[in-house]
Amino acid sequence: MLNLIHLSDDSGRSVSVRVLGRAQPGILTGHDVLDAEIVVTTGENLGATFPVTLLPEDLEDWEETLARLEAGEPARWLDSGRTPSVEFTSLTTGALLVSVRDGPATGATVTVRLTPLPPTWTADQRSRLTGVCGAYPQRWSRPHPARTSGGMAVRRRNRRRPAEPGPLPGGYGPNFFHRPSEMTSTAPSTTLTAVCSSMA
């Protein structure tokens, strides 16, 4: 288990995103999907856990979310509507307000106020992101340092598309499907019929 995100303060409040592993390690189509959970702790006995699945683009979006937070802007992560979303708001007091909204399932919202975090907290989260990407390298894309322009993160995707399979020996493509043409005879071959009769 790796923490993609871990934010905590001295009062025992914390917000974490724990990566549990690949959703389907042996299935190629599920190779890049990560099982994870958002864990919010507001005290010794109070907390909430939200299961999520993370796609490669979610990791890219987290990189861009960090860029917005470094610029002092409010930001939302996982806002596709597919999973619970996480909202971040920096307060004038230096505290960070984090809200987890479970719109797709329960509709519940959990908000925690974290007392002033150390100045390096975004750098710490980038380091965690690098660790997750090293443990679970993505096939189609991977997070990258976001470019910023005027304080706004600029999305830059560098997706590696799977190579199209080449033709098989003899000139047949792997997706080739033969359809009889008008010139194709549907009558049984007399030669084949004779051979089959002699084998009976």
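Some notes on this structure:
- Signed unit charges on C-beta, dipole axis of segment 58-127, positive-most listed residue Trp77, Ala108, Ser90: Ala108
- Label-point separation in nm, Ala95 to Asp9, each point 7 Å along Cα→Cβ: 0.4
- Of the GluC sites (Glu not before Pro) found in segment 7-81, the ones in coil according to DSSP and having at most 14 other Cβ atoms within 10 Å of their Cβ are Glu44.
- Lys, Arg +1 and Asp, Glu -1 on Cβ, resulting dipole of segment 44-96 about Cα centre, debye, nearest 20: 220
- Between the beta carbons of Thr53 and Glu73, assuming R0 = 22 Å, the FRET efficiency works out to 0.25 to the nearest 0.05.
- Multiplying the residue separation of Glu37 and Ser127 by 0.36 nm and subtracting their alpha-carbon distance yields 30.5 nm.
- Under 5 Å from the amide H of Gly103 lie the amide H atoms of Ser85, each residue being 5 or more positions distant or on a separate chain, with H modelled from the backbone and absent for Pro and chain starts.
Just so you know, all these numbers are worked out from the coordinates, no wet-lab data involved. Since the model is a prediction, treat every value here as computed from it, not as a measurement. Every residue, glycine among them, receives a Cβ derived from its backbone with ideal geometry; neighbour counts consider all protein chains shown.
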